[in-house]
Amino acid sequence: MTNPLFDHSILPLFSKIKPKHVEPAIDQLLAKARAVVKQHLQATGDYTWENLIDPLENVDDKLNKAWSPVSHLNSVLNNDELRAAYNACLPKLSQYGTEMGQNADLFNAYRKIAESEQFKTLDIAQQKIITNALRDFKLSGVDLDADKKQRYQDISLALSKLSSSYEENLMDASNAWTKLIAAAEQLAGLPESALAQAQQAAAHDDKTGWLLTLQFPSYYAVMTYADNRELRREVYTAYCTRASDQGPYAGQWDNSDLMEQTLALRYEKAQLLGFNNYAELSLATKMADTSEEVIGFLEDLATKSKPQALTDLAELREYAKQHYGMEDLQPWDMGYYSEKMREHNYEFSEEQVKAYFPVTRVLPGLFAIVNKLYGLQITEITEFDSWHPDVQFFQIHDNNGQLRGQFYIDLYARAKKRGGAWMDDCVNRKKSADGIQTPVAYLTCNFTPPTGNNPALLTHDEVITLFHEFGHGLHHMLTQVDYLGVSGIHGVEWDAVELPSQFMENWCWEQDALALISGHYQTGATLPQALFDKMIAAKNFQAGMIMVRQLELSLFDFKIHQNYNPEQGGRIYEILGQVRDQVSVVKAPAFNRFAHGFSHIFAGGYAAGYYSYKWAEVLSSDAFSLFEELGIFNAEVGNAFLTNVLEKGGSANAMELFVNFRGRKPSIDALLRHNGIAA
C-alpha cells in the first residue's frame, strides 16, 4: 500500500493518514534529502542556482508537504498514537536541520554562488534566499569546531523535545479539569448561549447538567458572566495553574523543569554562537537591531500607557464598590465587573453583540471585504478530505480567474485540540517544472461551537481573531514569490510577520465593513446604528489596562532571555514580578502560574520575540491610517498594500516594503490614537 503521506498531488489525505505511516515516510524523505544534497555538492565546485539551490528547495518542499499534515493533526486531533509518532520524528527532523545548517561544504557552495557573476543576474528574491542562507549557516554553528557543533546539535534536539513536551503537558492539563454543575442556580448570570454550550458538553460526555471545562469559550463565559464568585475563583485558579506546581493538579503535567531547561539551553546556544544571551540571538533575524531598542520601545509605550491603565483600574474599583459594594477586587473579579461596568457605561452587552455576528454572516462578509480590497473571489469547496466534520475548505481566485490560494478553516473548540488561534502553512507557493504550486493554509480557531439549530455566534473579539488569522493566511496565500525560501511568510522578519494580521483587524471597527459581516442570526437585521455607536464609544474601554498587559508579557519574555544567568537559573517568577511592578496595574495572586501556560514563548516561535505583536502593531496601525485618509475600501490603496506587502513575502526587508507602501517610515502616532492613548 502506498504511504498516504506521499499519495497526493497537493492536498493531504487526512482521513488515510495513520500514526504507523508517519515515521517510515519521514525516514524515507530524510534519506532522499541527504542523498540529493550529497549528489549536488559537486566536486567541480561550479555551483549555480539551478544545480544546487533549486534541487534543495524541491527536497524541502516534499518534506514540508509530508510533515505539515502530521504536525497539524497533532495539534487539532491529538491522540496517544499520533503523539508518539510525532515525537519519534522530531529528533530526526531536528538532526537533519542542524546537519544541513552545519554542512561546511554546503555553506561554501552557497558562498561561491553569492560571489559568482550569476548572483548579479538572479532576481531579488533569489538573492535574498542566498543572503538569508549565509546568515542562517552562521546561526546554525557552521563555523564551530567539531565538539561545539555536536553540542549545538544536542541542544537543538533537546529544545525540540522540550517544546513538544511543554505543549503536551498544557493540553493534558487543560483537558483534565472539568466541573459538572447539577443546579442551574450555580450558573446564574451566564447567558443562554453559554448555558446551552455547557449543557451540550455534558450531554457529549453522557452526563446530565452543565459541564464546565478549561477550553477558552467555557473559561471566558464563567469569568465574564458568572455571578457565583466562588465558582469564578475556582475556575480562575484551575486555568492559571495549568501544567504547574500549583492548583488542583499540582505537580502533574508540571512544566517547571521544562521551562528551566529551555532557558538554560537557549542561553548556552546563544553563547556557543558568540552572543551574550538568547535575546541577542533572537534579534539576528528581526527588524529590531538591539536589545536596547526593543526594551526602549516597550518601556516608552509603558510610560505613555500606564497612567491610562491606572485610571482604568481606579474607575473599575470605584464602579464595583459603588454598585456592588465590592471592596476587595481580585483577579477573578476583573472580567466580571468590567463587563458589568461596560454594560452600565455604554448600555449594551457582549451577548447583544454576539446575536449580530453569526459565523454564517461573518465568514461571507470577511470574504466580501477581501473582494473589495483586493478583487479576490473566495468560494467554498464541499468535496475534500478532512480531519473533522466542522472543517470547511475554500479557494481564492483573482479577477483574472487565476487560482491564488486554498485554505482549510477549523473554527471551534473541542477536546484534544490545542487552544488558541493560529495560521500555518500546508503547501507553499513554488515554481517547478510543472508550473506554479498553489499555496494552501490552515486557519485554526477555538470559538464556541453551534448549539442546537443555531449557527455559532461570535463575540466581537472572536470576529477580530478571525480577521487576524485570515490576515496571516492572505500573507501566505497571495504571495507572488516563486521560491520557497521567501514565499509567503517565509523569510519575513519575525517582528514584522504580524503586520498583515493586525492590519486586517481594523475593518472590524468600520461601519461599512460591519454592514457586510453582521446580521441578526434570527432576523437577518443589520447591526443597529445605536448599537454600533455604543461599540465605537466602548472600543477603547480599559485600553490602558489591555496595553500594559501586553507590555508585561513582552517585557517578561524579553527579559528572561536577556538576563538569564546560569548560576541563578531562570528566575522566571522573580523577573515576572519585577516586570509587573514596573508596568502592571493588576496584582496577580502568588499561586498564579501564567508562565507555565505561555506556549507562545516556550512551545511556539515567539521566544524573545513576543514584543513583535506591539512592534508590528505600529506598522499595521500606520498602514491602515492611509485607508482612513483615502477610504477603507479604496481599491487603489488596497492594490498598493497587496503588491507592496502581501505579494512580496520575505523577498525584501520588511521596512523597505513598508516604506514602498506608505511612502515613509512608520510613526507610533496611529497606534496610540487607535488605542485611545494620547501621543
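Numerical summary
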| item | result |
| --- | --- |
| Pick from region 12-48, criterion polar (S, T, N, Q) and part of a helix (DSSP H, G or I), ranking: farthest from residue 129 (Cα to Cα) | 15 |
| Filtered residues of region 641-659 (kept if of a type in the set (A, V, I, L, M, F, W, C) and surrounded by fewer than 17 Cβ atoms within 10 Å (Cβ to Cβ)) | 655, 659 |
| Test result for residue 27, within 22 Å of residue 157 (Cα to Cα) and in contact (Cβ under 8 Å) with a residue 12 or more places away in the chain | yes |
| Single residue of 373, 443, 366, 403 found to be under 20 Å from residue 489 (Cβ atoms), over 23 Å from the mean Cα position of the chain (by Cα) and surrounded by 15 or more Cβ atoms within 10 Å (Cβ to Cβ) | 373 |
| Members of region 399-435 that are closer than 30 Å to residue 56 by Cβ and without any contact (Cβ under 8 Å) to a residue 40 or more places away in the chain | 402, 403, 408, 433, 434, 435 |
| Any hit, region 179-202, residues being of a type outside the set (Ser, Thr, Tyr), assigned to a helix (DSSP H, G or I), surrounded by 21 or more Cβ atoms within 10 Å (Cβ to Cβ) and over 30 Å from the mean Cα position of the chain (by Cα) | yes |
| Exclusive hit being modelled with pLDDT of 95 or more, more than 27 Å from residue 475 (Cβ to Cβ) and not charged (D, E, K, R), set 285, 311, 360 | 311 |
| Test: residue in region 342-355 that is within 20 Å of residue 517 (Cβ to Cβ), among the polar types (S, T, N, Q), modelled with pLDDT under 95 and in a loop (DSSP other than H, G, I, E, B) | yes |
| Single unsatisfied condition, residue 229 versus (1) of a type in the set (Lys, Arg); (2) without any contact (Cβ under 8 Å) to a residue 60 or more places away in the chain; (3) farther than 30 Å from residue 86 by Cβ | (2) |
| Any hit, region 559-566, residues being assigned to a helix (DSSP H, G or I), closer than 29 Å to residue 235 by Cβ, of a type in the set (S, T, N, Q) and under 24 Å from the mean Cα position of the chain (by Cα) | no |
| Residue ID - surrounded by the fewest Cβ atoms within 10 Å (Cβ to Cβ), chosen from residues in region 281-296 that are part of a helix (DSSP H, G or I) and not hydroxyl-bearing (Ser, Thr, Tyr) | 292 |
| Test: residue in region 612-629 that is under 24 Å from the mean Cα position of the chain (by Cα), charged (D, E, K, R), buried (at least 19 other Cβ atoms within 10 Å of the Cβ) and closer than 21 Å to residue 366 by Cβ | yes |
| Residue among 576, 551 that alone is more than 20 Å from residue 330 (Cβ to Cβ) and either of a type outside the set (A, V, I, L, M, F, W, C) or in contact (Cβ under 8 Å) with a residue 12 or more places away in the chain (or both) | 551 |
| Single match in 56, 73, 82, 63 (criterion: over 25 Å from the mean Cα position of the chain (by Cα), part of a helix (DSSP H, G or I), not hydroxyl-bearing (Ser, Thr, Tyr) and not assigned by TED's automatic domain parsing to the domain that holds residue 442) | 56 |
| Options 339, 299, 315, 343; residue that is in contact with an Asp or Glu (Cβ under 7 Å, 6 or more places away or on another chain) and either in the same structural domain as residue 618 (by TED's automatic domain parsing) or acidic (Asp, Glu) (or both) | 339 |
| Residue tally, condition crowded, with 21+ Cβ neighbours inside 10 Å and either without any contact (Cβ under 8 Å) to a residue 40 or more places away in the chain or not assigned by TED's automatic domain parsing to the domain that holds residue 55 (or both), over region 107-133 | 0 |
| Positions within region 263-280 being part of a helix (DSSP H, G or I), farther than 10 Å from residue 561 by Cα and touching a residue at least 40 places away in the same chain (Cβ under 8 Å), in sequence order | 265, 268, 269, 272 |
| Single residue of 136, 154, 172 found to be within 29 Å of residue 81 (Cα to Cα) and touching a residue at least 12 places away in the same chain (Cβ under 8 Å) | 172 |
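The values are calculated or read from the model by the stated rules, or taken from the named source; none is laboratory data. Quantities reported herein were computed from a predicted structural model and do not represent experimental measurements. As a convention, Cβ positions derive from the backbone with ideal geometry for all residues, glycine included, and neighbour counts pool all protein chains shown.
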